[in-house]
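Let me begin by presenting the structure, written as structure tokens, before commenting on it.
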Amino acid sequence: IAFLTGSGFLDPVSLTTSSSSSSSTKETRMTRKAKASAWGARFYFVASIAGLVVNFKEILKHRSGALRNARSELSKRMAEIRKDGGGEGENDEEAVETARAAVKSAEGKHFELFLALLKSLCDFMVFSNNPGVDLHVKLRGRKNHEGLHCLGGLISASTVLYNNFPNSEKWV
């Protein structure tokens, strides 16, 4: 919307041209562009809050669900082997290896969810500092430090690159 407004696409059409008219049209265009940019930043900020809430709920659900179950299953299998005196059966070792693989898989999923939460936190920090939102100005009386703002953006972009970079294990 800001691009369309700034390019003049949304300007009212006038068949007569005068110098005062073009000057006021440009001022009106710039005002509308600033308002459109501010509203766009607000929408991004609301979306970052929604992403933060969803990712936080997902990591808590996974932590108390699949990850906890996988770890308790591994502990149970290890306790059975200790109780049996080392276990001479092939099934015991196979059950332990299966449980370890389940824990490794659950921990991998937990790491992915952690990265999503980290990205959401960084997006929240970055979008809260944009014009139109200015959360830090409203709460603290000054804008957030630009270095911290840039660091949050770099971390957010890095998590996206990490998630999209091909994993060598998948291609073997």
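The values are calculated or read from the model by the stated rules, or taken from the named source; none is laboratory data. Source: prediction; values computed, not measured. FYI the Cβ positions are ideal-geometry reconstructions off the backbone, even for glycines, and counts take in every protein chain you see. SASA here: full protein model, heavy atoms, side chains in, ligands and nucleic acids out. Shrake-Rupley method; radii C 1.70, N 1.55, O 1.52, S 1.80 Å.
The table below lists the values:
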quantity: Filter result for the condition that a residue is surrounded by fewer than 17 Cβ atoms within 10 Å (Cβ to Cβ) and in a helix (DSSP H, G or I), over ALA95, ALA106, ALA101, ALA116; calculated: ALA101
quantity: Single unsatisfied condition, PHE111 versus (1) more than 18 Å from ARG63 (Cα to Cα); (2) within 20 Å of the chain's Cα centre (by Cα); calculated: (1)
quantity: Filtered residues of segment 65-92 (kept if closer than 28 Å to ASN163 by Cβ, open to solvent by less than 90 Å² (accessible area, probe 1.4 Å) and without any contact (Cβ under 8 Å) to a residue 24 or more places away in the chain); calculated: GLY65
quantity: Matching residues in segment 131-147 - criterion: being modelled with pLDDT of 85 or more, surrounded by 12 or more Cβ atoms within 10 Å (Cβ to Cβ) and in contact with a helix residue (DSSP H, G or I) (Cβ under 8 Å, 6 or more places away or on another chain); calculated: VAL133, LEU135, LYS143, ASN144
